[in-house]
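Inspection log for the structure reproduced underneath, given as structure tokens.
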Amino acid sequence: MPTLDIQGLAKNFGGLRAVHNFDLSLEEGELAGLIGPNGAGKTTVFNVISGVYAPSGGDVRFEGKSILGLRPHQIAQLGIGRTFQNIRLFGSLTVFDNVRTACHAHVSYRIADALVRTNRFAETEDEQVWRARELLTIFDLDTRRNELAKNLPYGEQRRLEIARALAVRPKLLLLDEPLAGTDPLARKEIMDLIHSLHKDHGHNIIISSHVLFEIERMTKNVALVYKGRAVATGHISEIRALIDKHPHNIVIEGDGLNKLAKELLDQDYTVSVGFYEGKKSIWVQVTKPDEFFSDIPRIVNELGCNITKIHSLDDNLEAVFRYLVGW
């Protein structure tokens, strides 16, 4: 049984169709990515899953049960935590209090316990303090625990938001553009944390992003989202297989490229060859990239060309995405 199963999801805003016939299934223990340009519908999907929006159609099932009609706090209590594309911390609270507030999603004491400070209240509060400190330590924020959240650098605010989402003890974590606006160092730190949350702590995670190469580094299970629909889902290798017959674009840089261009044109797998950038590089379209990369060392050696660089323009998920949506 999938942890999360979305079937035929739709969300309209008046005459605007933000999400249409969206399907997605997340298996237990999976880390998956939602990839697409800004405005593709990724955040809208997250908002429907987390109860911020009511869907216009379709169904969302979590651990086999429909969660449609539940309010955000009820969905959080079931075990779905999330972050937001635009950071939504309590800026005037300390780092510690931001996380501690979220820890109260599962408290069992009543208002009367809090008023008279019963043992159950004291034990629960001690547990929440311990949990908050544990999360701050995991996210390397414990030394900042007494600072106001609004005073943290942007990358640390991102880490704090993820820590707060984990405070509700989620079985499923939705990370909406967690790398947006971060510098390279903070980006690497957050990517490492996401890997750790998945591999070391066993969290089910869905990440949304419009930065394709970053998602490709974190997970191989993806859904490509365009105009509110998942145009392709599965392992990256499966999605690449959809365009096996589509020509691959390869750039070769170096000297002596005239001879190489003529030789490549004689190969069965070559579609076209062209020069650009002052004839210091050639652009080659091939139908069988594996065969091309197998042959090229022999061809270069026989012709005596001085090749400085060979790289494929289509060896990433972005090229697959452009092809599938017709860009």
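For the reader, a short list of remarks on this structure follows.
- Count of residues meeting criterion [open to solvent by 60 Å² or more (accessible area, probe 1.4 Å) and touching a residue at least 60 places away in the same chain (Cβ under 8 Å)] in segment 197-236: 5
- Restricting ILE87, ILE35, ILE6 to those that are under 16 Å from PRO178 (Cα atoms) and touching an Asp or Glu at 6+ places or on another chain (Cβ under 7 Å) reduces the list to ILE87.
- Restricting segment 1-30 to residues that are part of a strand (DSSP E or B) and open to solvent by less than 10 Å² (accessible area, probe 1.4 Å), the residue that is nearest to GLY202 (Cα to Cα) is LEU26.
- Flag for VAL45 being surrounded by 15 or more Cβ atoms within 10 Å (Cβ to Cβ) and either assigned to a strand (DSSP E or B) or over 20 Å from the mean Cα position of the chain (by Cα) (or both): no
- Filtered residues of segment 108-167 (kept if surrounded by fewer than 12 Cβ atoms within 10 Å (Cβ to Cβ) and farther than 24 Å from GLY79 by Cα): ALA112, LEU115, VAL116, ARG117, ASN119, THR143, ASN146
- Lone unmet requirement of (1) closer than 29 Å to ILE215 by Cα; (2) at pLDDT below 90; (3) not in a helix (DSSP H, G or I) for LYS279: (1)
- Residue check for GLY33: buried (at least 17 other Cβ atoms within 10 Å of the Cβ) and farther than 29 Å from THR101 by Cα: no
- Among residues of segment 171-213, those that are closer than 20 Å to ASP140 by Cα and part of a loop (DSSP other than H, G, I, E, B), counted: 10
- Of the residues in segment 123-139, none is closer than 26 Å to THR44 by Cβ and either of a type in the set (Gly, Ala, Ser) or under 18 Å from the mean Cα position of the chain (by Cα) (or both).
The values are calculated or read from the model by the stated rules, or taken from the named source; none is laboratory data. Model, not experiment: these values are computed from the prediction. Please note: Cβ atoms are built from the backbone with ideal geometry, for glycine as well, and neighbour counts cover all protein chains shown. Areas reflect the complete protein model, heavy atoms only, side chains present, ligands, DNA and RNA absent. Shrake-Rupley method; radii C 1.70, N 1.55, O 1.52, S 1.80 Å.
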